[in-house]
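Just so you know, all these numbers are worked out from the coordinates, no wet-lab data involved. If you're wondering where the values come from, they're calculated on a predicted model, not measured in any experiment. Quick reminder, even Gly has a Cβ in these numbers, built from the backbone with ideal geometry, and neighbours come from all protein chains shown.
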Amino acid sequence: MSTRKPNKKRNALLMFELLTLHISKSLVEKDDSKAIALSNLLKRFFANGKPLQQEYRLTKSLVESKVSSESIAANILQQARAHAMSLPKELIESAKTELLEEVHKIDPTGLIFEQNVEHYKLYSTIGTLVRDWYMGGLVDLSRISMFETAVAKHLVEGFSPDSLDTETETEKTIGSMTPGERRAMIAILGKKIEEKWGNRLSRRQTSLLRESILGDTQRLTKELTDSQHHVLALIEKQLQKPGTQTDRLYETKKLIESDNDFSEVNDDLISRYMLYLDLEKEFSK
């Protein structure tokens with residue numbers, strides 16, 4: 001019996017990674033509206049308690065687990081299989097369909113799904129195996145057997161030097177974050193931004209992006225307030241330099257001072273402050 005090809009669009013682990021990658025790419029291309037729209041999808045579909053978050057946490061735990069023997073690996077697989085079979089498969093599959101429809105509205109080109117994902121084979125294998133488990137009789141048994149063997153080997157051998165251990169270390173530094181998907185979200189997104197495009201985004205832009213995705217209103221409001229004060233201070237410093245064309249700067253200063261309604265934070269407000277923070281790079285030239 002032939003083994004059917006895994007579908008990355010129905011793989012919660014890969015979908016999460018593809019979306020975070022495209023958020024980073026959109027920011028580099030200064031397409032802030034797309035970045036924020038995709039970030040909102042992550043918050044909407046992968047929040048605590050949501051069906052996709054349940055699948056994501058199980059698959060992510062199998063990615064990051066490491067054991068000392070084959071017998072322990074077999075026990076973990078047994079427990080993971082039992083947990084997967086208890087997941088609300090109808091709700092998960094319905095959420096995936098809705099997510100794909102929303103992604104298509106934001107990016108009809110489908111380029112999101114053509115990105116190169118680090119550890120793609122591992123993510124595809126584990127994500128597909130978990131889905132095969134909870135889908136029951138609708139899967140290829142030969143594939144389940146083959147993938148269970150591969151995952152058991154991964155659990156025993158652990159990670160290679162360039163593996164996801166670095167993401168785990170990043171997560172450990174975020175002591176104030178809640179566990180689960182929100183912590184994984186900031187670890188993955190932050191790593192992609194800082195390692196691949198950190199030289200193009202300032203520290204404050206990266207921090208603002210993180211808080212906007214995590215969705216903690218209090219932390220996000222503080223980040224926006226700090227960003228406003230920082231940019232206004234930069235403008236004041238720039239105004240003191242000889243030869244500065246002050247008219248435009250005074251207009252910009254007035255605009256930013258008036259843009260201080262943080263009672264209802266939305267996508268447009270985040271986008272504007274990402275652009276305001278670009279002034280730091282302009283002034284340093």
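What the table shows:
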quantity	calculated
Residue exposure sequence - 204, 44 - by fewest surrounding Cβ within 10 Å	44, 204
Charge dipole (debye, nearest 20) of segment 1-103; +1 at Cβ of Lys and Arg, -1 at Cβ of Asp and Glu	160
Residue 47-residue 30 pseudo-label distance in nm [points 7 Å out on the Cα-to-Cβ vector]	3.3
Extension gain from residue 82 to residue 245, taking 0.36 nm per residue of separation minus the Cα-Cα distance	51.9 nm
Inter-label distance, nm, simple model (7 Å from Cα along the C-beta direction), residue 283/residue 142	6.5
Ranked 16, 147, criterion: other C-beta atoms within 10 Å, fewest first	147, 16
Mean separation of Cα contacts under 8 Å (6+ apart) over length of segment 1-119, as relative contact order %	34
Selection from 260, 230, 217 lying farthest towards where the dipole of segment 203-284 points positive, charges on Cβ	230
Calculated FRET efficiency for the pair residue 226/residue 105, C-beta based, R₀ 45 Å, to 0.05	0.85
Label-point separation, residue 66 to residue 238 (7 Å along Cα→Cβ), nm	4.6
